[in-house]
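Enquirer: My structure is below; once you've seen it, I'll send some questions.
A short reminder: the numbers here are calculations on the coordinates, not readings from a lab. In this text, all values refer to a predicted model and were calculated from it rather than measured experimentally. Cβ coordinates were reconstructed from backbone atoms using ideal geometry, including for glycine residues, and neighbour counts include every protein chain displayed.
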Amino acid sequence: MFRNLLIADSGKGHVEEMVRMLQDIPSLKRARATLLHVVPEQSKAQADDHRADAEALLDKANERMGLQADSVTILVREGDTKQVVLKVAEEINSDLIVMGSRGLGRLQSILANSTSQYVFQLSTRPMLLVRDDLYVRHVNRVMVTVDGTGVGDDALRTACELISEIPGGTLTGVHVVRQESTPTRGGRTRADEILDAAVQRARGFGVELKPMTSFGNDIGRAVCAAASEANADLVVIASQDRRPLVARGLVDLDKLLGGSVSDYIRVHAPAPVLLVREPERG
């Protein structure tokens, strides 16, 4: 699963609490972690003072998170936070970025220069986003989105791998139906077939998946409503980047303005969100 975590810790929010909860999962407890704190570019004297403060902050954060000392690297960098996070993720080949989020949506994210929003859009790596206004709980109930197109295959696999390591944990797979579908002769709908396939795939990982159907024209709202109903501690979603290769290093303004399902869920889900990037399918 995840073996190399990049934890972008600003010293605020619930990131530390989320990481501490993740220590209950054996494979994540064994993972290497890089604790990153970014300070603004400034004069050498100021930079030395800020660096010392940042290192002290990360040392205390490390203690609170309960990470194993021999598996942690503490890193302080200067620069623009969002660019530094992306650069360090590449440098260390992180397979999961953990960040806090203020839960800003649409134009607010741009006006507030939201770091998590930009990293969320530009990184191709899985991200765990923890909003500042959430009550972080031990991960026992995981919900994963199921769309039936193959886009969520990696997300389902990741969710199954997570829940298989949590004694007594439950996994719910939600499929959103925009309108009532006509049952087949056997009385089954397309949603039933999609969820049955997900149940069978989960069993291949040794996991029982509880199927759930959520109705609504707005997929993001329907997913968030389902997460509330399932009392999910973690929501796992998939996202594809459908932009041309030449544009994938640029921010997708439509998504920054709140036009994507994944962005809506990031802002409004009642639990931390694990975004799994899926490869473009032909």
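Enquirer: Hey, with R₀ at 35 Å, roughly what FRET efficiency would E161 and D132 work out to, going by the Cβ-Cβ distance, to 0.05?
Expert: That gives a FRET efficiency of 0.80.
Enquirer: Could you tell me the calculated FRET efficiency between E193 and R30, based on Cβ-Cβ distance and R0 = 35 angstrom, to the nearest 0.05? Don't jump to the answer; show the numbers that get you there.
Expert: Working: r = 38 Å, r/R0 = 1.09.
According to the calculation, E is roughly 0.40.
Enquirer: I've got another one for you. Going by average Cβ neighbours within 10 Å, how do the peptides 20-26, 81-87, 115-121 rank, with the highest at the top?
Expert: Highest-to-lowest ranking by the protection proxy: 115-121, 81-87, 20-26.
Enquirer: Take the Cβ-Cβ distance between A52 and T124 as r, set R0 to 22 Å, and report the resulting FRET efficiency rounded to the nearest 0.05.
Expert: Values: r = 34 Å, r/R0 = 1.54.
The computed FRET efficiency comes out at 0.05.
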